[in-house]
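**Q** Handing you this structure, nothing more for now.
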Amino acid sequence: RVKSNIKAELWLEDYFVLGYVGVLREWVDLRPVYQAIRNLNDVKLLIVGEEGMLSENKELIRRYRVEDKVIFAGTVPYTKVPLYISAMDVCLIPFKQNAISQNAVPLKLFEYMACEKPVISADLKGVREAVGDRVLYANTEQEYKDCIKTLISSPEFANELGKRGRDFVVENYEWSKIAEKLEEIIGGVVFENISTKPAF
């Protein structure tokens with residue numbers, strides 16, 4: 001795991017930190033997260049990335065009166081993303097529920113898991129099919145609140161969830177493993193084409 005002092009630099013050492021890394025486009029819905037953290041003590045939300053609806057999200061945190069609980073870190077170099085993830089206690093995939101997002105399996109899911117962080121994801125079919133019960137699922141304010149409280153109250157469970165996620169990524173999604181699978185697929189297609197090619 002990557003070690004960093006980002007948590008200290010952002011004055012977050014005394015807080016349970018939720019985190020999201022990515023764009024703030026129309027398919028990202030942080031509203032139920034803002035609602036969920038309103039009455040949770042010692043919880044902060046760290047958002048890394050700003051492309052898209054940054055001003056709309058700033059308006060939402062004002063509306064829900066959580067300005068003191070949300071930190072917008074802005075855009076950071078890709079090489080520093082793991083440092084910011086290391087400052088998070090749980091990582092989020094807060095996508096809207098629609099026909100397109102249902103089949104989404106965002107790369108950030110595997111980046112979070114590779115950093116050994118527990119994940120709360122919107123209940124998306126694609127994510128469930130990819131990682132099953134290795135992450136928690138939430139769509140509503142209450143569901144997010146329940147998941148957050150569970151992870152805060154049970155650090156052992158949070159650590160175990162993070163470890164299971166990392167083990168899964170190392171076993172299935174390291175670039176070397178992906179390359180091996182791709183070679184197998186390409187090899188199978190080539191062999192199939194050769195074996196079915198008509199002889200003249």
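**Q** Which of (1) in contact with a strand residue (DSSP E or B) (Cβ under 7 Å, 6 or more places away or on another chain); (2) surrounded by fewer than 19 Cβ atoms within 10 Å (Cβ to Cβ); (3) at pLDDT 90 or above is the odd one out, the single condition residue 68 does not satisfy?
**A** For residue 68, the exception is condition (1).
**Q** Separate question: Name the residues in the stretch 123-149 that are modelled with pLDDT of 95 or more and of a type in the set (A, V, I, L, M), would you?
**A** 135, 136, 138, 148
**Q** If you take the residues in the stretch 71-99 that are outside any helix (DSSP H, G or I) and touching a Phe, Trp or Tyr at 6+ places or on another chain (Cβ under 7 Å), which one is modelled with the lowest pLDDT? If you could, list the steps in order and put the result at the bottom.
**A** Going through the stretch 71-99, the residues outside any helix (DSSP H, G or I) turn out to be 71-77, 87-99.
When the remaining residues are screened for being touching a Phe, Trp or Tyr at 6+ places or on another chain (Cβ under 7 Å), the result is 73, 76, 89, 91-92, 94-96.
Working: 73: 93, 76: 91, 89: 96, 91: 97, 92: 97, 94: 95, 95: 92, 96: 88.
Among them, the one singled out is 96.
**Q** Of the residues 12, 24, which single one is touching a Gly at 6+ places or on another chain (Cβ under 6 Å) and surrounded by 16 or more Cβ atoms within 10 Å (Cβ to Cβ)?
**A** 24
**Q** Name every residue in the stretch 85-105 that is under 20 Å from residue 25 (Cα atoms) and open to solvent by 30 Å² or more (accessible area, probe 1.4 Å), in order of residue number.
**A** Hits for the stretch 85-105 are 96, 97, 98, 99, 100, 102, 103, 105.
**Q** Being over 14 Å from the mean Cα position of the chain (by Cα), crowded, with 17+ Cβ neighbours inside 10 Å, among the charged types (D, E, K, R) and within 22 Å of residue 31 (Cα to Cα) narrows it down to one residue among 145, 125, 149, 108; which is it?
**A** The match here is 145.
**Q** Kindly evaluate residue 80 against the criterion of being open to solvent by 40 Å² or more (accessible area, probe 1.4 Å), out of contact with any His (no Cβ under 9 Å at 6 or more places or on another chain), farther than 21 Å from residue 6 by Cβ and charged (D, E, K, R).
**A** Spelling it out, it is not the case that residue 80 is open to solvent by 40 Å² or more (accessible area, probe 1.4 Å), out of contact with any His (no Cβ under 9 Å at 6 or more places or on another chain), farther than 21 Å from residue 6 by Cβ and charged (D, E, K, R).
**Q** Would you check which residues across the stretch 2-50 are in a loop (DSSP other than H, G, I, E, B) and either within 16 Å of the chain's Cα centre (by Cα) or under 13 Å from residue 73 (Cβ atoms) (or both) and list them?
**A** Listed by number, the residues that qualify are 4, 10, 11, 12, 22, 23, 25, 27, 29, 30, 49, 50.
The values are calculated or read from the model by the stated rules, or taken from the named source; none is laboratory data. What you are looking at is a predicted structure, and each value in this text was computed from that prediction instead of being measured. As a convention, Cβ positions derive from the backbone with ideal geometry for all residues, glycine included, and neighbour counts pool all protein chains shown. To get the accessible areas, we keep the full protein, side chains included, count just its heavy atoms, and leave off ligands, DNA and RNA. Shrake-Rupley method; radii C 1.70, N 1.55, O 1.52, S 1.80 Å.
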